[in-house]
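A short worksheet on the structure shown next.
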Amino acid sequence: MESKPLTEHEIGPVDDVKPGFLRQVSVDGVGLCVGRLMDGTLFAVDEMCTHEEVSLVDGYVDGDEVECPAHGSRFDVRTGAVTGEPARVPVRCFALRVEGEKTFVAL
Ligand code: FES
């Protein structure tokens, strides 16, 4: 099966997303959880937890992980891997590129 090439989409300025905080961003109908690690690294993963339909945006940043507010599943924001159950399916990670005041996500 051929995979679709990635397309970059501007998600607007996210400079104001402070370390440890998360924000919901929608791109082409895809919900993203955009956040910033304490070291300043910006990341984007699927908005919805893979355990149940709960937004990770209402969760917490801890180290390199985001924790779901519902049942505590944890995901590595650099790989999407599950690092804490009950979720068993990884989230997708999306590459971000910052250019001046603009930020782009590849979907
Ligand atoms: S909905 Fe996220 S851990 Fe259950």
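The values are calculated or read from the model by the stated rules, or taken from the named source; none is laboratory data. In this text, all values refer to a predicted model and were calculated from it rather than measured experimentally. Virtual Cβ from ideal backbone geometry, glycine too; neighbours counted across all protein chains shown. The protein model used for the area step is the full one, side chains on, heavy atoms only, and it has no ligands, DNA or RNA in it. Shrake-Rupley method; radii C 1.70, N 1.55, O 1.52, S 1.80 Å.
Size of the chain: Rg and Dmax of its alpha carbons, in Å, are 13.2, 40. For E101 and V30, a Förster radius of 30 Å and the Cβ-Cβ distance give a FRET efficiency of 0.85, rounded to the nearest 0.05. For a 4.7 Å threshold on C-beta separation, the list of partnerless cysteines in the chain reads C33, C93. Taking amide H as placed 1.01 Å from N in the peptide plane, F21 has its amide H under 5 Å from the amide H of R36, each at least 5 places away in sequence or on another chain.
Note on the chain: with neighbouring protein chains present and a 1.4 Å probe, carbon and sulfur make up 50 percent of its accessible heavy-atom surface.
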